[in-house]
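Encoded as structure tokens, the structure appears first; notes follow it.
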Amino acid sequence: MGHTANDMILPNVRFARPLHVGRPNLGDRSRLLCRIEEMLDRVWLSNDGPLVNEFEQRVAEIAGVRNCVAMANATIALEIATRAAGITGEVIIPAYTFVATAHALQWQGITPVFCDIDPVTHNLDPACIERLITPKTSAIIGVHMWGKPCLVEELTTIADRHGLTLMFDAAHGFGCAHAGRPIGGFGLAEVFSFHATKFVNCAEGGAVVTNNDELAAKMRLMRNFGFSGYDNVIYVGTNGKMNELSAAMGLTSLDSMPRIVETNRGNYAAYAVALRDLPGVTLIAYDETQSQNYQYVVLDIEPAQSPLTRDQLVQVLHAHNVLARRYFFPGVHRMEPYRSYYPNADLLLPVTEDVVRRVVVLPTGTAVSPSDVEQIGRIIRWALDNAGDLRKRLPETIPPGGRFDEGWA
Ligand SMILES: Cc1ncc(COP(=O)(O)O)c(C=O)c1O
């Protein structure tokens, strides 16, 4: 007797609405609308407005730095930060990151050089960095993956020893800390993302934070076409400005920051209970002695121990309307144009190659409740208990861009 698709779904547990990873956390609606009303009364929508200024001050304070330069998004913030810092030639970055870390460089004719990561922290492996430094290397950009800090001290030592600039893509790291210091103050500059999917969001937004006043002044020029006052362009620039509407969103989101952390922390704790003692499934831990935003609930699926592959588990979750994600599959080195430029890059990236096949990110945030989490835990437990049947039906792997619903047709 063949199975029907419905036999393969845990009865009564499919979510009626899809649960997305990174569903936006919305702040207090009336506070937001009030800010927007005030903005409309001022008729000041962009260009160094009061809401952007307030947002910059509050972000700088939380990050413990002197300067915050708000931008339209983190990608342009990375472009402007690297350009203002005079970075050229080759820059060492992890291959395990969102593609924007590489694109921000490539877009400017700077060569991203892909470095392997540590299998536990998912952050740059200092030993691999040393092997990739050439006379053309000008910088290292670490990524605080999942808001978990890079090995900042080791990276600083390497950068200093070789005369390289050190920066951080801190897109995930707002509200997190390392050694008692907020992420934001490490290296020459750090870049936050305030995209809709991020812990605190402006719908679209980003910022560079730095204690270097000269760099900050240069970035302020660059984000506004190089204008220094009316009619006076003194520098080549682009349009990287944050607008007042985005700042209104961001400020309202900042007001809710403690509540969002509490919700994320509660969900994380509920996941820890719901996923206890599952074969081959580990919930990635945060350092509880440091501030965290708990925005990412990350599972590591150990192929030798889990009765289902990572991709089979993702297929089961999608069938139950839990839209789990394979971040950051298949690795930036396997995306264009890098795949064509460096067809053998995978040989130097064994840990990245392994991690991109093991990680699943689950929904959290204010749209997800602890009882949703309990239900997701039940689905995963049931799937592993029924792996024999599910394995017969579901492809072991799904290629990049592939569909997760084909085994259910
Ligand atoms: C690690 C990382 N870097 C950069 C970005 C780009 O941010 P944005 O969407 O604000 O341009 C993202 C996510 O969106 C990210 O996850």
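If you filter region 204-238 down to residues that are part of a strand (DSSP E or B) and of a type in the set (Val, Ile, Thr), you find that the one that is farthest from the ligand (Cβ to nearest atom) is Val233. Pairs are defined by a Cβ separation below 6 Å, a sequence spacing of at least 6 or placement on different chains, a first member in region 43-69 that is farther than 18 Å from Ala203 by Cα and among the aliphatic types (A, V, I, L, M), and a second member that is part of a loop (DSSP other than H, G, I, E, B) and modelled with pLDDT of 95 or more; the pairs so defined are Ala63/Gly184; Val65/Gly184; Val65/Gly185; Val65/Asn211. The one condition from (1) more than 16 Å from the ligand (Cβ to nearest atom); (2) crowded, with 22+ Cβ neighbours inside 10 Å that Leu33 does not meet is (2). For the subset of region 136-169 comprising residues that are within 20 Å of Gln106 (Cβ to Cβ) and part of a loop (DSSP other than H, G, I, E, B), which member is nearest to the ligand (Cβ to nearest atom)? Across region 136-169, the extreme among qualifying residues is Leu164. Total residues in region 94-109 satisfying the condition of being surrounded by fewer than 24 Cβ atoms within 10 Å (Cβ to Cβ), more than 17 Å from Gly240 (Cβ to Cβ) and in contact with a helix residue (DSSP H, G or I) (Cβ under 7 Å, 6 or more places away or on another chain): the figure is 1. Number of residues in region 170-193 that are touching a strand residue (DSSP E or B) at 6+ places or on another chain (Cβ under 6 Å) and either within 14 Å of the ligand (Cβ to nearest atom) or part of a strand (DSSP E or B) (or both): the value is 8. Taken over region 358-395, the criterion of being touching a Lys or Arg at 6+ places or on another chain (Cβ under 9 Å) and hydrophobic (A, V, I, L, M, F, W, C) is satisfied by Val359, Val360, Val361, Leu362, Ala367, Val368, Ile379. Only one entry of Glu56, Glu79 meets the criterion of being at negative phi and within 12 Å of the ligand (Cβ to nearest atom), and that entry is Glu79.
Within region 249-267, the set of residues being surrounded by fewer than 21 Cβ atoms within 10 Å (Cβ to Cβ) and farther than 11 Å from Asn25 by Cα comprises Asp255, Pro258, Glu262, Arg265, Gly266. Beta carbons closer than 6 Å, at least 6 apart along the sequence or on distinct chains, never pair a first residue in region 179-192 that is on the phi < 0 side of the Ramachandran plot with a second that is modelled with pLDDT under 95 and buried (at least 24 other Cβ atoms within 10 Å of the Cβ). Counting only residues that are of a type in the set (A, V, I, L, M), surrounded by fewer than 18 Cβ atoms within 10 Å (Cβ to Cβ) and more than 21 Å from Leu299 (Cβ to Cβ), region 318-367 holds 2 of them.
For every residue, the table says whether it meets (1) within 22 Å of the chain's Cα centre (by Cα); (2) touching a residue at least 24 places away in the same chain (Cβ under 8 Å); (3) not in a helix (DSSP H, G or I).
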{"position": "Pro307", "(1), (2), (3)": "no, yes, yes"}
{"position": "Val316", "(1), (2), (3)": "no, yes, no"}
{"position": "Phe328", "(1), (2), (3)": "yes, yes, yes"}
{"position": "Val360", "(1), (2), (3)": "yes, yes, yes"}
{"position": "Gln375", "(1), (2), (3)": "no, yes, no"}
{"position": "Ile379", "(1), (2), (3)": "no, yes, no"}
{"position": "Ala383", "(1), (2), (3)": "no, yes, no"}
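Taken residue by residue, region 379-389 has at least one member that is of a type outside the set (Lys, Arg) and under 26 Å from Phe98 (Cβ atoms).
The residues of region 98-118 that are in contact with a strand residue (DSSP E or B) (Cβ under 9 Å, 6 or more places away or on another chain), more than 14 Å from the ligand (Cβ to nearest atom) and outside any strand (DSSP E or B), listed by number, are Ile110, Asp116, Asp118.
Just to be sure before I move on: is Ala84 under 30 Å from Pro135 (Cβ atoms) and more than 17 Å from the chain's Cα centre (by Cα) in the structure I sent?
yes
All conditions in (1) within 16 Å of the ligand (Cβ to nearest atom); (2) not in a loop (DSSP other than H, G, I, E, B) hold for Asn201, with the sole exception of (2).
The set of residues from region 296-317 being acidic (Asp, Glu) and buried (at least 18 other Cβ atoms within 10 Å of the Cβ) comprises Asp300, Asp311.
The residue pairs whose first member lies in region 252-279 and is within 21 Å of Phe194 (Cα to Cα), whose second member is of a type in the set (Asp, Glu), and whose beta carbons are closer than 8 Å, counting only pairs six or more residues apart or on different chains, are Thr252/Asp28; Asp255/Asp28; Ser256/Asp28. What about Val361, is it among the hydrophobic types (A, V, I, L, M, F, W, C), in contact with a Phe, Trp or Tyr (Cβ under 6 Å, 6 or more places away or on another chain), farther than 25 Å from Leu26 by Cβ and within 16 Å of the ligand (Cβ to nearest atom)? The answer is no for Val361. Name the residue that is farthest from Ala70 (Cα to Cα), counting only residues in region 212-247 that are touching a Gly at 6+ places or on another chain (Cβ under 6 Å) and hydroxyl-bearing (Ser, Thr, Tyr). For region 212-247, the residue satisfying everything is Tyr235.
For region 83-97, taking the residues that are in a loop (DSSP other than H, G, I, E, B) and in contact with a strand residue (DSSP E or B) (Cβ under 7 Å, 6 or more places away or on another chain), the one that is nearest to Asn73 (Cα to Cα) is identified as Thr97.
The values are calculated or read from the model by the stated rules, or taken from the named source; none is laboratory data. Keep in mind the model is a prediction, meaning the values are calculated, not measured. Here the Cβ is made from the backbone with ideal geometry for all residues, glycine too, and neighbour counts use every protein chain on show.
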